[in-house]
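The values are calculated or read from the model by the stated rules, or taken from the named source; none is laboratory data. All values reported here derive from a predicted model rather than from experimental measurement. Here Cβ is always computed from backbone atoms with ideal geometry, including for glycine, and neighbour counts include all displayed protein chains. Areas reflect the complete protein model, heavy atoms only, side chains present, ligands, DNA and RNA absent. Shrake-Rupley method; radii C 1.70, N 1.55, O 1.52, S 1.80 Å.
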Amino acid sequence: MNKLSKWVLAAIAAILALSISIPEASADKLSDLENKKQQVEQKQGELNSGIQQKANEISQNDSKLEEIARKIFELDSKIQETQNKINDVQAQIDQTKAEIDALQASITELQRKIDERTALLQERARAIQLSGGSVDYIDVLLGANSFVDFIDRFSAVNTLIEADREIMREQAADKKLLAEQKAEVEKKLAEQEVRKAELVGLKNSLDGQKKEQAQLEKELNAEQKRLANEKAALEKEHQKQMNISAGLESQIAKEQARLAKIAREAELKRQREAAAARKAQAAKAAASSSSVSAVSHASMPKAGSSTFIKPSAGRYSSGFGGRDIGAGAESHLGLDIAAPTGTPIGASASGYVSYAGYMGGYGNVVILTHSINGRSYATVYGHMSRVGTSVGQAVSQGQKIGEVGSTGRSTGPHLHFEIHIGSWNGARSNAVNPAPYIQ
């Protein structure tokens, strides 16, 4: 076996030894924390669904309440319209009653006059009867002292006779007219009373409908209050779970720091071993030296070269910074690479898996911790359709860690890729534009 082969075997053995050197307890502890975080986030997801469902129910009830309010408004308008009609009819009835009262007073006065005239006519009739049936008017005429007196008496008799006839005609006409007017007014009054009764019945019906709608509105308001209380309780529980999640996030950050320390130590060890190997191979031919350099470079890129590679095939569909995908302006803290579902995703740089699972808007996500040239980094790979690695696992640059998908807050299959200087944190306060870092 030549020296080059021995060197390659030594390098592989060193890498295996480094992988074994990661404290198992640390990986187990981190795995437990990740499991707890996943459980909490699952609970958050359930609470979010419950809150959304309650919000939808409240929104539906709002629509129902608006519809009922509209119906009540329409009923109020109809009731007011009906009440106005009733008032109009009542005014007409009151006017008709006043007219009847005035007419009755006129009838009473006319009846008094008719009674007086009747008494006068009866008195004359008795006088005629007592005189033996002779006509008093002839006696008056025959008693004239002269022709002139006769003419005067004849004129007076005619006047009296005509007056009596006119009185009788007027009395008959007045009685007929008053009877007709009274009958017409009473008929009109009866018709108006019927109409008023109908309108009152309609108003009572509308009042009943309004009462029914008011009861329904009361019930819906009670339901709205109940749903609001339930939603508030869910939001309170959600906040509680968020606080728990923040605690776990802090613990995960500490574990990430520990992994970063292990990664730094591994990097230094690799660098020392690589330096020793290069010194041992200094006498080798230029081609062999080049091959050795290439192997070392594949293990961890050096300063001055591209430290990260594009993690997936596909086109860049969204850049780093501000954007609006339909939900309003927002800050996009990574690069999106559009690709078909199932497209392989590789580690952008060698490192260790500090998170692998579901995480809110990220969906299925893998977070890697790196130590490159003495500096800690974290890379994030979101919206995966499948996660192909596990917490604590050491991965090399380009190694498959999952597949492109559209889980979490996503509008289509793509990889959401982030680079953080230092450890990843929930606020993503140390995210940087990945574009300058990618080869």
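Summary table
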{"read-out": "Test: residue in segment 386-405 that is assigned to a loop (DSSP other than H, G, I, E, B), farther than 23 Å from Arg258 by Cβ, basic (Lys, Arg) and touching a residue at least 24 places away in the same chain (Cβ under 8 Å)", "value": "no"}
{"read-out": "Residue match in segment 348-357 (condition: open to solvent by 20 Å² or more (accessible area, probe 1.4 Å), over 12 Å from Trp424 (Cβ atoms) and in contact (Cβ under 8 Å) with a residue 24 or more places away in the chain)", "value": "no"}
{"read-out": "Failed item in (1) open to solvent by 10 Å² or more (accessible area, probe 1.4 Å); (2) under 35 Å from the mean Cα position of the chain (by Cα); (3) under 23 Å from Phe320 (Cβ atoms), with Thr343 passing the rest", "value": "(2)"}
{"read-out": "Residue in segment 257-271 that is of a type outside the set (Phe, Trp, Tyr), in a helix (DSSP H, G or I), open to solvent by less than 80 Å² (accessible area, probe 1.4 Å) and modelled with pLDDT under 65 present", "value": "no"}
{"read-out": "Selection within segment 190-217 - over 45 Å from the mean Cα position of the chain (by Cα) and either at pLDDT 80 or above or exposed (fewer than 12 other Cβ atoms within 10 Å of the Cβ) (or both)", "value": "Ala190, Glu191, Glu193, Val194, Lys196, Ala197"}
{"read-out": "Residue match in segment 398-414 (condition: open to solvent by 10 Å² or more (accessible area, probe 1.4 Å) and under 22 Å from Arg264 (Cα atoms))", "value": "yes"}
